[in-house]
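Notes follow the structure.
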Amino acid sequence: MAMEFDLIPQGTLLQENGQGETVDIQASSTRTFYCTLLIREQIEQESVDVSIWGSADGENWGTQPLLKLPQQFYRGETRAVLELTLVPEVNFIRAGWNLNRWGRVAPLPMFVLGLHLAEVPAMPLHAPQSQASAAR
């Protein structure tokens, strides 16, 4: 069964830089995930940078993220693919985020968002016979 989980639970209020909970991905058969960032609320003159970090042991997270989503300023949905087949040492992942606010000093930056990951199923090695004969 394909893995599916939230690295940032939907509807999470972010007002400062931080990181999410650690998720064990060792049970993943494809190590490829479809990522959906959904921003539901925000205020003007601010941005959020969301990234996904990897670790072999759940303690050491390195100096570079595995995936950095495009910087966001507004409500909406952003999608990306996290491909981990080339980094087999990664057993754990977590989200990190940095908020930036400019212009008026107050209020603090504020985003309400979520980051959902769904494992991409493996592609079949051969097309099913009924589809292959229909394509001819």
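The values are calculated or read from the model by the stated rules, or taken from the named source; none is laboratory data. Computed from a prediction, not measured in an experiment: that's the story for all the values here. No Cβ is skipped: glycine too gets one built from the backbone with ideal geometry, and neighbour counts run over all protein chains shown. Heavy atoms of the whole protein, side chains included, go into the accessibility calculation; ligands, DNA and RNA do not. Shrake-Rupley method; radii C 1.70, N 1.55, O 1.52, S 1.80 Å.
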If you scan segment 22-41, which residues turn out to be of a type outside the set (G, A, S) and over 19 Å from K68 (Cβ atoms)?
-> D24, Q26, T30, R40, E41
Can you tell me which residue in segment 68-104 is modelled with the highest pLDDT, limited to those that are basic (K, R), surrounded by fewer than 16 Cβ atoms within 10 Å (Cβ to Cβ) and farther than 16 Å from L117 by Cα?
-> R75
Go through the residues of segment 44-63 one by one and say whether even a single one is crowded, with 17+ Cβ neighbours inside 10 Å, part of a strand (DSSP E or B), touching a residue at least 40 places away in the same chain (Cβ under 8 Å) and touching a Ser or Thr at 6+ places or on another chain (Cβ under 9 Å).
-> yes
Residue set L117, L84; condition over 18 Å from T12 (Cβ atoms) and in contact with a Phe, Trp or Tyr (Cβ under 9 Å, 6 or more places away or on another chain); output residue L84
Residue in segment 86-107 that is farthest from Q42 (Cα to Cα), counting only those that are assigned to a loop (DSSP other than H, G, I, E, B) and touching a strand residue (DSSP E or B) at 6+ places or on another chain (Cβ under 7 Å) | V87
Contact list, first residue from segment 13-24 and assigned to a strand (DSSP E or B), second anywhere and among the basic types (K, R), beta-carbon distance below 8 Å, six or more apart or interchain, is Q19/R94; V23/R94
Going through (1) among the polar types (S, T, N, Q); (2) open to solvent by 30 Å² or more (accessible area, probe 1.4 Å); (3) in contact with a strand residue (DSSP E or B) (Cβ under 7 Å, 6 or more places away or on another chain); (4) more than 17 Å from T12 (Cβ to Cβ) one by one, T32 fails only at (2)
